[in-house]
Amino acid sequence: MKKSKVDLFKDNGYVNFENYISKFDISLLDEVTRDIYFNLNESHDDFIKDPGAAGFVNLPAHSKHSLKIINSIVTDQKIISFLEQIVGTSFKIWDISYRISKPGDKGLYLHQDGPGQMNMAILLNDNNNSKNGSTAFLPSSHLIIKSQKSSKLEIPPFILNMFSFLFEPSYGKKGDVIFFSNKIWHGR
């Protein structure tokens, strides 16, 4: 019997809603976000300055067109049902960002996100290769009671890469929507 998205999320700490956004909408979102990224001055407060990944935060302030597409995802009945079962009915979208890994990205250390967070990633291109700067998850690590921080386990990217066989990259196709728990151990 095939597991539900909720059960997969509870078991693994992440789940992929495959082929979720129409080709037209995902192409439009890709075009809008790339246009903002390439035209946003690097000194702008919203520009992400990271050695391995670049992008910007606060997408709605830069493009009202993107909101229609984001809204179509978070108001879809399957997504609403999923979110209600995972986080309840009282949730809010805190930030909508765009991130792209730079060529030669050395990765991001293994970490957990802040308490109370849940992430939604929208793939704007196909990602079938773990060396493309994708987020990689340690499956089921969200079930470990003690936090990674309290265990003093900060694992740098080069060690993460040595043990990459333990991790599941966020593979997917353009238009997939991936949700992952703040508690899952992940890196890039």
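The values are calculated or read from the model by the stated rules, or taken from the named source; none is laboratory data. Because the structure is predicted, anything quoted here is derived from the model rather than measured. Positions of Cβ are generated from backbone atoms using ideal geometry, with glycine treated the same way; all protein chains shown enter the neighbour counts. For the accessible areas, the whole protein counts, side chains as well, though only heavy atoms, and no ligand, DNA or RNA atoms are used. Shrake-Rupley method; radii C 1.70, N 1.55, O 1.52, S 1.80 Å.
Restricting the chymotrypsin sites (Phe, Trp or Tyr not before Pro) of segment 66-142 to loop positions (DSSP other than H, G, I, E, B) with no more than 16 neighbouring Cβ atoms within 10 Å leaves 91, 94, 109. With θ taken as phi - 60° and the Karplus curve 6.51 cos²θ - 1.76 cosθ + 1.60 applied, the whole-hertz 3J(HN,Hα) list for segment 96-105 is 10, 10, 10, 9, 9, 6, 7, x, x, 3 Hz, x standing for glycine and proline.
In the chain, carbon and sulfur make up what percent of the accessible area (probe 1.4 Å)?
Values: 6370 of 11570 Å².
That fraction is 55 percent.
Among the GluC sites (Glu not before Pro) within segment 22-117, those in coil by DSSP and having at most 11 neighbouring Cβ atoms inside 10 Å are 42. Phi-derived couplings, Karplus 6.51 cos²θ - 1.76 cosθ + 1.60 at θ = phi - 60°, listed residue by residue for segment 160-177: 4, 5, 5, 10, 4, 5, 7, 10, 10, x, 7, 4, x, 10, 3, x, 6, 10 Hz, with x used for Gly and Pro.
Cα gyration tensor of segment 44-188, axes a ≥ b ≥ c as square roots of the eigenvalues: rounded (a/c below 1.5), prolate (a/b > b/c) or oblate? Working shown, then result.
Values: a/c = 1.63, a/b = 1.23, b/c = 1.33.
Since a/c reaches 1.5 but b/c is at least a/b, the shape of segment 44-188 is classed as oblate.
Tell me the trypsin sites (Lys or Arg not before Pro) within segment 46-131 that lie in a loop according to DSSP and have at most 11 other beta-carbon atoms within 10 Å. When the trypsin sites (Lys or Arg not before Pro) of segment 46-131 are filtered for loop state and at most 11 Cβ neighbours within 10 Å, 64, 92, 131 remain. Taken one residue at a time, the phi angles of segment 48-59 give Karplus couplings (6.51, -1.76, 1.60, θ = phi - 60°) of 7, 10, 10, x, x, 9, 10, x, 7, 10, 6, 3 Hz. Gly and Pro are set to x. Neighbours of residue 71 by Cβ distance under 13 Å: Lys/Arg scored +1, Asp/Glu scored -1, total 0.
Annotation: per residue accessible area for the chain equals 62 Å², rounded to a whole number [probe 1.4 Å, protein chains only]. Accessible area per residue (1.4 Å probe, heavy atoms of protein chains only) ranks 90, 63, 81 as 90, 81, 63, with the largest value leading. Can you list residues from other chains, or at least 5 along the same chain, whose modelled amide H is less than 5 Å from the amide H of residue 20? Close amide H contacts, sequence-distant or interchain: 176, 177.
Between 167, 47, 24, the Gaussian network model of the chain with springs among Cα atoms under 10 angstrom shows the greatest mean-square fluctuation at 24.
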